[in-house]
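Worksheet: the structure to be examined is printed underneath.
The values are calculated or read from the model by the stated rules, or taken from the named source; none is laboratory data. Values in this document were obtained by computation on a predicted structure and should not be read as measured data. Ideal geometry is used to build each Cβ from the backbone, glycine not excepted, and the neighbour counts take in all protein chains shown. Side chains are part of the model used for accessible areas, which takes the heavy atoms of the whole protein and leaves out ligands, DNA and RNA. Shrake-Rupley method; radii C 1.70, N 1.55, O 1.52, S 1.80 Å.
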Amino acid sequence: MTAPTRLVIVGAGGFGREVHGVVTAMNATGTRVDLVGYVDDHGTTDELLPRLGTARLGTVETLCDGGTVGDDVGYVIAIGAGSVRRTIDERLTAAGRHALTLVHPMATVG
């Protein structure tokens, strides 16, 4: 049995919660993804995350420093603005983090 993939979602808004739904669907079908939590520089949705069984871990810098979440955690950026995604990805990549690819189990390719 393989260890679950550990994941932090970057962005706790609506897009982040949609990514959370993908993680939930993947886990329901046997793919093991351990959602460690969210990082978000604004924290505007902190009250919604406990309803999903998770929490805001801090800002993006929390993921960069690694001490709080561990070294084995990957990330998915759930932010709509391309320039913001690029900047965050560059920061996290420079910090030694790796982006993960999630695929909803009901996704199809035509």
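Pick out the one residue from 39, 76, 84, 60 that is modelled with pLDDT of 85 or more, closer than 16 Å to residue 21 by Cα and out of contact with any Lys or Arg (no Cβ under 6 Å at 6 or more places or on another chain).
After applying the criteria, what remains is 76.
Working only within the range 33-73, note down all residues that are farther than 25 Å from residue 96 by Cβ and out of contact with any Gly (no Cβ under 7 Å at 6 or more places or on another chain). Reasoning before the result, please.
Of the residues in the range 33-73, the ones farther than 25 Å from residue 96 by Cβ are 44-53.
Selection gives 44, 46, 47, 48, 49, 50, 51, 52, 53.
Please state which one of 30, 66, 58 is small (Gly, Ala, Ser), surrounded by 17 or more Cβ atoms within 10 Å (Cβ to Cβ) and either free of Cβ contacts under 8 Å to residues at least 40 places away in the same chain or touching a strand residue (DSSP E or B) at 6+ places or on another chain (Cβ under 7 Å) (or both). Full working, then the answer.
Details: 30 fails: surrounded by 17 or more Cβ atoms within 10 Å (Cβ to Cβ); 66 fails: surrounded by 17 or more Cβ atoms within 10 Å (Cβ to Cβ).
The match here is 58.
Among strands (runs of 3 or more DSSP E) lying entirely in the range 22-110, which contain 2 or more residues that are more than 16 Å from residue 11 (Cβ to Cβ)? If you could, list the steps in order and put the result at the bottom.
Working: elements: 33-39, 56-58, 73-77.
In the range 22-110, the matching strands (runs of 3 or more DSSP E) lie at 33-39.
Among what's in the range 11-27 and is open to solvent by less than 30 Å² (accessible area, probe 1.4 Å) and of a type in the set (A, V, I, L, M), pick the residue that is farthest from residue 74 (Cα to Cα).
25
What pairs can you find where one residue is in the range 77-100 and within 15 Å of residue 61 (Cβ to Cβ), the other is among the basic types (Lys, Arg), and their Cβ atoms are less than 7 Å apart, with a gap of 6+ or different chains?
Note: pairs meeting the criteria are 77/85.
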